[in-house]
Amino acid sequence: MKNDIYLIPLGGANGIGASCYFLKLGKSNIVLDAGVGYNKDLVYGPNLYLLLKSLFVNSLNEIDKIFISHGHMDHIGFLLNMMKEASKASVYMTDITRVFAEYQLYDKNYIIGNSFSTYEELGIKIGLDRISTLSYMKPIDFGEYKVTFFQAGHIPGACMMLFEYGKRKILYTGDYSISDTPMTRKCYIPDDIEIDTLIICSVHSKQSNYSKDENVLLDKVYSVFNHINNGHSVCCTIPQLSKGIEFLKILNDMNYKNIPIYIDNSVINVIEKLEKLSIPIFEKNNFIFNQKNIKKPHILLTSDKKQSNNMFYKNIRIDFSIHDDFNQIKNFITNINPKYAYVVHYEKEKSEEDITIEQEILFNSSCNTQVIFTEEGMIYNL
């Protein structure tokens, strides 16, 4: 059984974007994540031809299951396309990730003015209805293997996936965080689970000189309130929904003067859905944005880039890293101490002085892990 486990990165291996990984467990054909990538104005997905060329499947309809780790577009943006190609595959994610998926792949297109034909709209809804949700810590038996979702941190709803196949235990992390964030707790794996193989998303695993600045988010908040204190209204533009929700949480916590915070339609819909899942976000000074009844000064939270061109506002782009830095990646791997760690979703070195996580672990006598940096299209026998 040891030799019939294979991994093929179809996208998002040695780069960020279009994360998608084929995992073969015996006769089972599994896809982990289905994201899109961005290159200037070009949107691209994973290279599915790489899978067909591998001869593990003759058709994408032979894919059994699709598992989604979290609701960022580089992990979920290609899902509807993947579901069309793999029309027989079941799709699994957490209930919160499903909210992010439905909003970004369906609702948002109407909010920002894009439109579908009735046929396309029906197809999208049918696709979304194929999604099943799983809870953390509850093993699901699929016959040939079991899957358990564990809390990954990073953003609300993110999960790590433990695959138990015979005596083998394989953990796919998706994006994760070893520390708490404003909206979610850090990742959690029970100490008594011995991981054989780790498939780890680690953006900064070749960037030893990178250290995450934990104060970036607070600095953004201070900047907003400084403008408010000077009598200006502030437009906060967010590139990712989850970052906007975390930023709103901190704004609310630090809004001692009860400044009105307006949330436009590009954000409000997903917040309302999360509230229905008992995730409290709204506070008494949060309002739906309506240009006719706004108070001055105020804060506007939006994902619509057009709003940032409004001369009425001081504009701040709300972006910050929520990926673990090099030392955090090292701590994560050494704590799990798997036999093998297959690294995906990573950037290249930023300087000649950078060393890789592979080099770092080689000098760590307490960790016996062999680190492999994956390449797209390569076949790895796990």
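Just so it is clear, none of the values below were taken in a lab; they were calculated from the coordinates. Bear in mind the structure is a predicted one, so any value in this text is a computation, not a measurement. Don't worry about glycine lacking a Cβ; one is built from the backbone with ideal geometry, like all the others, and counts go over all protein chains shown.
Quick one: of K243/K305; K88/K146; K249/K295; K220/K295; K27/K186; K88/K125, which pairs are farther than 25 Å apart, Cα to Cα? From K243/K305; K88/K146; K249/K295; K220/K295; K27/K186; K88/K125, over 25 Å: K27/K186. Against the main long axis of the alpha-carbon atoms of the chain, helix 216-229 sits at an angle near 10°.
Kirkwood-based Rg over Rh for the chain (C-alpha set), two decimals?
Looking at the chain, the ratio lands at 0.98.
Close amide-amide hydrogen proximity is noted between A341 and L198, Q370, V371, I372, each under 5 Å apart and 5 or more residues distant or on a separate chain (H modeled in the peptide plane; Pro and chain starts excluded).
Once the Cα atoms are used to define both axes, helix 118-129 deviates from the longest principal axis of the chain by about 60 degrees.
Evaluated with a Cβ-only charge set (Lys, Arg +1; Asp, Glu -1), segment 305-382 carries a dipole of roughly 580 debye about its Cα centre, given to the nearest 20.
One chain, two ends: Y222 and L277. Fully extended at 0.36 nm per residue, the span grows by 16.8 nm beyond their Cα-Cα distance. For trypsin sites (Lys or Arg not before Pro), the sites in segment 280-312 that DSSP calls loop and that have at most 12 other Cβ atoms within 10 Å are K284, K292, K295. Its alpha carbons considered, segment 114-247 gives a radius of gyration followed by a Dmax of 20.2, 64 Å. Put a plus charge on the Cβ of each Lys and Arg, a minus charge on the Cβ of each Asp and Glu, and nothing anywhere else: the dipole of the chain about its Cα centre is then about 920 debye. Scaled to the globular estimate 2.2 N^0.38 Å, the Cα spread of segment 37-80, given as radius of gyration, is 1.35.
Think of it as helices only: each DSSP H run of n ≥ 4 in the chain is worth -39500 (n - 2.57), and spread over all residues that comes to -7000 deg cm²/dmol at 222 nm. Each residue of segment 277-287 is assigned a 3J(HN,Hα), and the resulting list reads 8, 6, 10, x, 10, 5, 10, 5, 9, 9, 9 Hz, derived from the Karplus form 6.51 cos²θ - 1.76 cosθ + 1.60 (θ = phi - 60°), x at Gly and Pro. Subtracting the Cα-Cα distance of E214 and I379 from their residue separation scaled by 0.36 nm leaves 55.7 nm.
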